[in-house]
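The values are calculated or read from the model by the stated rules, or taken from the named source; none is laboratory data. Owing to the predicted nature of the structure, the values given are computational and were not obtained by experimental measurement. All Cβ positions, even for glycine, are placed from backbone atoms using ideal geometry, and neighbour counts span all protein chains on display.
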Amino acid sequence: MKVGILSGGGDAPGINAVIRAVVRKGIRNYGYELVGIRDGWQGLIEGNFISLDLEAISGLLSRGGSILGTSRTNPFKHERGIQKILKNVEQKSLSGVVVIGGEDTLGVAYKLYEKGLPCVGVPKTIDNDLAGTDYTFGFNTAVHIATETLDRLHTTAEAHHRVMILEVMGRYTGWIALEAGIAGGASIILIPEKPFDIDEVCGYIKQRQNRGKIFSLIIVAEGARPKGCTEIRYSSGVDEFGHPRLGGVGYYIGKEIEKRMDIETRVVVLGHLQRGGSPTAFDRILATRYGIAAIDLVHKGQFGHMVALQGNKIVSVQLKDVVKKRKTVDLRLYERAKVFFG
Ligand code: F6P
């Protein structure tokens, strides 16, 4: 039996660890032939395949990126994209496809499952915004990198008596900002789920100054926005799933603080540094558990499902329940974090 595997959307540390686990268990336990699909849905539209044997997965556990490549291709936006995919799956005799992706890639997987594609999902994204699972793999690594960055900014902010602003990714959710902000002791955390008031932000900085702390660390999620405004975009235009490129809120906040207060600010946009490179041990283990569970689902013929982490257990959830809503930040945790603001 032949099983395909693809990774779509933005890369996340741990994709290769998932591929390694799927291939290893698929070959060793089930005697499957594993087929890699290049560049997400693009490779399935074009019929761009590579063979994945045990040699191909050697040394993958700690490697960032994706050996298969990835793309933000939405086959529903391509002429005859869906027919081409279904034809290529049939011609290649794939009995199942493991789809590693976030909300866009898995949204397509669900629609294709409804059209007859036997597929299972693996939750991947540094944003941690997928419903049905406590954690997506890649998130822990991003939080770790953002926390380490905050630690480094802390010392230079303190030495120069400045406000340092760290802008992190996360798209429409503030998971990375919240968790790294707590771990890195940020003086203020700003997330998309709670539009901010710049005067309140300045109030926290003043509060710190009043108790002799003449520096502050702000962590802001790229999707955070001032009250009554839309999110700040880096450029016009959207991808094939309709998402704009976010970015710039850190600079906006920096300028507004300097207008209102006599304090120097500096802005660091962490960008793709939080997505590249090796996964943490947590993400390597989670990705490995996900990969093993995904090939088990294929073996059981449990298509239309995604593997997930709930508590400390790997479970499976229906793709239809995953794609209908975005998992936003737990606002109770945000409220608790506020005790450290200012
Ligand atoms: O979804 C993952 C993510 O890293 C978001 O946090 C971010 O907004 C986006 O992808 C960036 O995408 P790109 O790699 O296309 O710049």
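Computed values, structure above
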| item | result |
| --- | --- |
| Members of the stretch 107-143 that are among the hydroxyl-bearing types (S, T, Y) and more than 16 Å from the ligand (Cβ to nearest atom) | Y110, Y113 |
| Flag if D104 is touching a Phe, Trp or Tyr at 6+ places or on another chain (Cβ under 9 Å), within 12 Å of the ligand (Cβ to nearest atom) and not in a loop (DSSP other than H, G, I, E, B) | yes |
| Check on F137, in contact with a helix residue (DSSP H, G or I) (Cβ under 7 Å, 6 or more places away or on another chain) and in contact (Cβ under 8 Å) with a residue 60 or more places away in the chain | yes |
| Condition check for E264: out of contact with any Ser or Thr (no Cβ under 9 Å at 6 or more places or on another chain) and either hydroxyl-bearing (S, T, Y) or surrounded by fewer than 16 Cβ atoms within 10 Å (Cβ to Cβ) (or both) | yes |
| Sole residue being over 30 Å from I292 (Cα atoms), away from the ligand (no atom under 15 Å from the Cβ) and buried (at least 24 other Cβ atoms within 10 Å of the Cβ), chosen from I188, I182 | I188 |
| Exclusive hit being of a type outside the set (D, E, K, R), modelled with pLDDT of 95 or more and away from the ligand (no atom under 16 Å from the Cβ), set T173, T265 | T265 |
| Flag if V22 is in contact with a helix residue (DSSP H, G or I) (Cβ under 9 Å, 6 or more places away or on another chain), under 29 Å from K327 (Cβ atoms) and within 16 Å of the ligand (Cβ to nearest atom) | no |
| Residue match in the stretch 192-210 (condition: buried (at least 17 other Cβ atoms within 10 Å of the Cβ) and within 16 Å of the ligand (Cβ to nearest atom)) | yes |
| Residue check for S58: in a loop (DSSP other than H, G, I, E, B), more than 16 Å from the ligand (Cβ to nearest atom) and among the polar types (S, T, N, Q) | yes |
| Inter-residue pairs, beta-carbon under 6 Å, first modelled with pLDDT of 95 or more and in the stretch 144-165, second in a helix (DSSP H, G or I) and polar (S, T, N, Q), 6+ apart | I145/Q274; A146/Q274 |
| Checking S278 against (1) within 16 Å of the ligand (Cβ to nearest atom); (2) in a loop (DSSP other than H, G, I, E, B), the condition it does not meet | (1) |
| Every pair of residues 6+ apart whose Cβ atoms lie under 7 Å, when the first sits in the stretch 50-63 and is without any contact (Cβ under 8 Å) to a residue 24 or more places away in the chain while the second is in a loop (DSSP other than H, G, I, E, B) | I50/R38 |
| Residue check for G181: at negative phi, in contact with a strand residue (DSSP E or B) (Cβ under 6 Å, 6 or more places away or on another chain) and either outside any loop (DSSP other than H, G, I, E, B) or modelled with pLDDT of 95 or more (or both) | yes |
| Qualifying residue in the stretch 315-329 (condition: under 28 Å from A186 (Cα atoms) and in a helix (DSSP H, G or I)) | no |
| Residues being more than 15 Å from H299 (Cα to Cα), surrounded by fewer than 24 Cβ atoms within 10 Å (Cβ to Cβ) and of a type in the set (A, V, I, L, M) - total across the stretch 18-51 | 3 |
| Criterion: out of contact with any strand residue (DSSP E or B) (no Cβ under 7 Å at 6 or more places or on another chain) and either within 16 Å of the ligand (Cβ to nearest atom) or of a type outside the set (D, E) (or both) - qualifying residue of G31, G8 | G31 |
| So N16, is it assigned by TED's automatic domain parsing to the domain that holds K92 and free of Cβ contacts under 8 Å to residues at least 24 places away in the same chain | no |
| Residue within the stretch 195-211 that is within 30 Å of T70 (Cβ to Cβ) and in contact with a Leu (Cβ under 7 Å, 6 or more places away or on another chain) present | no |
| Failed item in (1) assigned by TED's automatic domain parsing to the domain that holds G64; (2) free of Cβ contacts under 8 Å to residues at least 12 places away in the same chain, with R336 passing the rest | (1) |
